[in-house]
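Notes for the one structure printed next.
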Amino acid sequence: MNRLILATDVLCLSITGLLVWLAIVRLWKRSVFRLTFSLLGLFVGVLILAIILAWLTNTYREWRIEQRLIAETKQRGIITRTDYAGPEWLRRLIDKRTLGMFWRVTWVDGVRDDDDLEVVGNFSHLCDLKLAGYSPGIREGSNVSDVGLSYLANCRELRKFVSQDGNQGKITDCGLNILVKLRNLQVLDLRNASTTDTGIRGLKDLPNLKSLLLCNTPVTDASLDTLQQIHSLRSLDLTRCIQIRNLDRLFDFPKLDVVYLSESQRNFFSKSVFRNPGTPQLHVRFNGQESWLRPPLEERK
């Protein structure tokens with residue numbers, strides 16, 4: 001839509017500029033002066049000027065729309081932060097603090113439901129998104145469903161999606177299929193979601209995914225095959241994923257830095273991994289407590 005508006009502005013400004021210039025040329029020819037450059041050169045100059053003016057007009061229009069959206073999110077109790085999102089060359093020439101119309105919302109916290117996401121989905125430069133967390137006696141958790149996630153389709157720059165505790169589990173494989181199309185995602189928090197092994201397969205299409213939280217989801221051992229193929233993955237939360245039993249597979253994740261598990265999941269590791277001297281170390285946090293599941297070789301002797 002923005003490209004269509006920009007193209008329309010360029011066309012209108014080009015036609016207007018050309019007509020004005022032809023009128024000036026005609027008047028100039030009647031005078032004693034003569035033009036020393038071609039009509040084609042004049043047309044190119046008018047076109048370049050029209051493109052610049054159309055770009056500035058479109059940028060200003062987007063900024064005005066976003067200011068109204070920020071006011072609406074404030075009324076909904078959503079917190080937003082802005083940052084410079086204009087051209088790098090312009091920021092080098094002029095202090096970015098003076099380029100107000102190039103600032104866009106990049107960080108959002110406190111989204112509660114699908115209606116909130118319908119508004120937030122209009123922030124095309126959004127990078128970090130946090131759903132509302134649960135606070136006893138203050139607020140309930142988020143009530144976001146797959147319908148709400150569909151509004152994020154245009155947030156191509158989204159890098160962090162954080163569900164937080166209190167999510168009511170309305171995010172299913174359909175919603176996950178929407179999120180995996182956002183290729184810049186680095187942190188994906190799906191705690192308490194209703195995603196299955198089928199939906200997890202789509203995570204292979206996220207080339208930059210570094211942190212994945214599947215806490216309290218119904219995934220099984222079959223998902224470990226998919227997760228092992230995500231070579232960028234560094235942190236994995238499988239807390240309360242009681243259907244994942246073959247935790248020995250985690251030793252086959254060569255680039256995994258840390259795994260989060262429940263204390264009750266400690267028994268899901270077989271004793272053979274401790275007796276095999278070729279088994280690598282695995283950094284695990286049981287209920288938030290740091291632990292080396294397999295100590296260094298010199299400590300085992």
Hits in region 202-251 (condition: under 19 Å from Arg183 (Cα atoms) and not in a loop (DSSP other than H, G, I, E, B)): Gly202, Leu203, Lys204, Asp205, Ser211, Leu212, Leu213, Thr226, Leu227, Gln228, Ser235, Leu236
Residue list for region 170-197, filter: polar (S, T, N, Q), in contact with a Pro (Cβ under 8 Å, 6 or more places away or on another chain) and surrounded by fewer than 22 Cβ atoms within 10 Å (Cβ to Cβ): Ser194, Thr196
Scope region 66-110; condition in a helix (DSSP H, G or I) and at pLDDT 85 or above; matching residues: Glu66, Gln67, Arg68, Leu69, Ile70, Ala71, Glu72, Thr73, Lys74, Gln75, Met101, Phe102
The one condition in (1) of a type outside the set (Ser, Thr, Tyr); (2) in a strand (DSSP E or B); (3) outside the structural domain of Lys160 (by TED's automatic domain parsing) that Ile48 fails to fulfil: (2)
Leu236 being closer than 30 Å to Leu126 by Cβ, out of contact with any helix residue (DSSP H, G or I) (no Cβ under 6 Å at 6 or more places or on another chain) and modelled with pLDDT of 90 or more: yes
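The values are calculated or read from the model by the stated rules, or taken from the named source; none is laboratory data. Just so you know, these numbers come straight off a predicted model, no measurement behind them. Glycine gets a Cβ as well: all are built from the backbone with ideal geometry, and neighbour counts include every protein chain shown.
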